[in-house]
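**Student:** Okay, handing you the structure first.
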Amino acid sequence: MHFARSDRFSAFLLLGAAALALIIANSPLGDAVTGLNDAHLEIAPLGIDLSIAHWISDGLLAIFFLLVAIELKHELTRGELATPARAIAPAIAALGGVIVPALIFVAITAGSGYMEGWPIPTATDIAFALGVLAVFGRGLPGRIRAFLLALAVLDDLVAILIIAVFFTREPQFGLVLASLASVAAFGLLSRLLHTKFRVVVMIALVITGVLAWYFMLQSGVHATIAGVALGLAMKRDPAGHLRHSLEPFSNAIILPLFAFSAALVPLPQVPPSDLAAPFWGIVIGLPIGKLIGITAAGALISVLHRRRVQGGLDLGELVTVAALGGIGFTVSLLMNELAFEESPLIVDEGTLAVLIGSAISIVLSALMVSLLASRHRRTENVV
């Protein structure tokens, strides 16, 4: 399963799943497959009644966020964000990449009644962005990937906070506390894996992890937050082993399934002028907002320090990373579903907008990465 760990493989699979979903949704099979996606699988004794689409976005995607949290914790403690000097440049760039797209979305949707979708264009898809860099960036120095990884991880942290704060409706705090108690038990149990009771501990970990997810789901807080909490609570070494074990499953099954499920929307049979304001806020906010926000913020921190800060990039490299940052995809699709869940038509238009905006960023960043890589190879040959 080594190929399933590849950034390139993950990016191609995500793109293929989304493209296949769009084709099927707009074919004679569309109604049947969409109906299956919306079909409910109920576990009545536990009070769970979710559609297949929500089993994927609330259930399987919690595993993806678990892995994101493990990677975030690693980067904050031992990786590219372990010291303030190394974290400051990608942190400021990530902040700019959140603020500017959000402002563009708000400006475009002002007065439309859909301003709550402002978080949608603020996300960066780690797997997809790294995949494009891997495909087109042969010969680029490692600092570019490290900067992009740090920026995307911080971007995901912001996305996690946004989901927890802005997309939680009437939380039941007793159930939230029960979930956090399960998370604490999970963290403690992960420190006992080296004992002779390893098998028993592993079973207990699975049980407490599922309980944390269940209580969070029932509390009204989005269930993926449980995955984040479990990843942050787990001891570093077993967490690393868990991430290594689950990464192929996440890349090859979870993310493509979510991309397929989320992109299973019919193309709106309306002229562009009749598309709702959120469509344009996302289509413009993702590629343009990210490009401007990340570039401006990253350049500002360099100017303030009067030199390239530790872990920073030159202007050409920074603009290229900013273009990669506009690939929203997975997390943007999730935020779109959460923001407009009461308006199915707007969800469909928002989904198409995320796909189009991300596609623009993919094409733009692929071109820029290729040119930058070519420049670096020429420079090395001259030297």
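For every residue, the table says whether it meets (1) under 23 Å from residue 165 (Cβ atoms); (2) modelled with pLDDT of 90 or more.
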| residue | (1), (2) |
| --- | --- |
| 336 | yes, yes |
| 346 | yes, yes |
| 349 | no, yes |
| 360 | no, yes |
| 376 | no, no |
| 379 | no, no |
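**Student:** Check segment 164-171 and report whether any residue there is in contact (Cβ under 8 Å) with a residue 24 or more places away in the chain, part of a loop (DSSP other than H, G, I, E, B) and closer than 30 Å to residue 373 by Cβ.
**Tutor:** Taking segment 164-171 first, the residues in contact (Cβ under 8 Å) with a residue 24 or more places away in the chain are 164, 166-171.
Narrowing further to those that are part of a loop (DSSP other than H, G, I, E, B): 167-171.
From the residues that got through so far, the ones that are closer than 30 Å to residue 373 by Cβ too are none.
Within segment 164-171, not a single residue is in contact (Cβ under 8 Å) with a residue 24 or more places away in the chain, part of a loop (DSSP other than H, G, I, E, B) and closer than 30 Å to residue 373 by Cβ.
**Student:** May I pose another question? Mind checking whether some residue in segment 272-284 is modelled with pLDDT under 95, assigned to a helix (DSSP H, G or I) and within 25 Å of residue 131 (Cα to Cα)?
**Tutor:** Checking segment 272-284: not a single residue is modelled with pLDDT under 95, assigned to a helix (DSSP H, G or I) and within 25 Å of residue 131 (Cα to Cα).
**Student:** Please identify the pairs in which a residue from segment 128-150 that is surrounded by fewer than 22 Cβ atoms within 10 Å (Cβ to Cβ) and at pLDDT below 85 has its Cβ atom under 8 Å from the Cβ atom of a residue that is in a loop (DSSP other than H, G, I, E, B) and of a type in the set (A, V, I, L, M, F, W, C), counting only partners at least 6 apart or on another chain.
**Tutor:** Filtered contacts from segment 128-150: 143/313.
**Student:** Can you tell me which residue among 330, 320, 379 is of a type in the set (Val, Ile, Thr), in a helix (DSSP H, G or I) and more than 23 Å from the chain's Cα centre (by Cα)? Spell out the reasoning first.
**Tutor:** On the way: 330 fails: more than 23 Å from the chain's Cα centre (by Cα); 320 fails: more than 23 Å from the chain's Cα centre (by Cα).
Going through 330, 320, 379 in turn, just one is of a type in the set (Val, Ile, Thr), in a helix (DSSP H, G or I) and more than 23 Å from the chain's Cα centre (by Cα): 379.
**Student:** Which ones in segment 194-222 are at pLDDT below 90 and crowded, with 17+ Cβ neighbours inside 10 Å?
**Tutor:** 221, 222
**Student:** Considering only residues that are within 18 Å of residue 189 (Cβ to Cβ), touching a residue at least 60 places away in the same chain (Cβ under 8 Å) and not in a helix (DSSP H, G or I), which ones fall in segment 199-238?
**Tutor:** Across segment 199-238, the qualifying residue is only 234.
**Student:** Which one is surrounded by the fewest Cβ atoms within 10 Å (Cβ to Cβ) among residues in segment 13-40 that are more than 19 Å from residue 351 (Cα to Cα) and out of contact with any helix residue (DSSP H, G or I) (no Cβ under 6 Å at 6 or more places or on another chain)?
**Tutor:** 28
**Student:** Same structure again: Could you check residue 246 against (1) within 17 Å of residue 68 (Cβ to Cβ); (2) assigned by TED's automatic domain parsing to the domain that holds residue 337; (3) surrounded by 20 or more Cβ atoms within 10 Å (Cβ to Cβ) and say which number it fails?
**Tutor:** For residue 246, the failing item is (3).
**Student:** In this structure, does residue 139 turn out to be assigned to a loop (DSSP other than H, G, I, E, B) and either of a type in the set (Gly, Ala, Ser) or closer than 24 Å to residue 366 by Cβ (or both)?
**Tutor:** Details: assigned to a loop (DSSP other than H, G, I, E, B): yes; either of a type in the set (Gly, Ala, Ser) or closer than 24 Å to residue 366 by Cβ (or both): yes.
The answer is yes for residue 139.
The values are calculated or read from the model by the stated rules, or taken from the named source; none is laboratory data. The shown structure was predicted, so the numbers you read here are calculated from the model rather than taken from an experiment. Here Cβ is always computed from backbone atoms with ideal geometry, including for glycine, and neighbour counts include all displayed protein chains.
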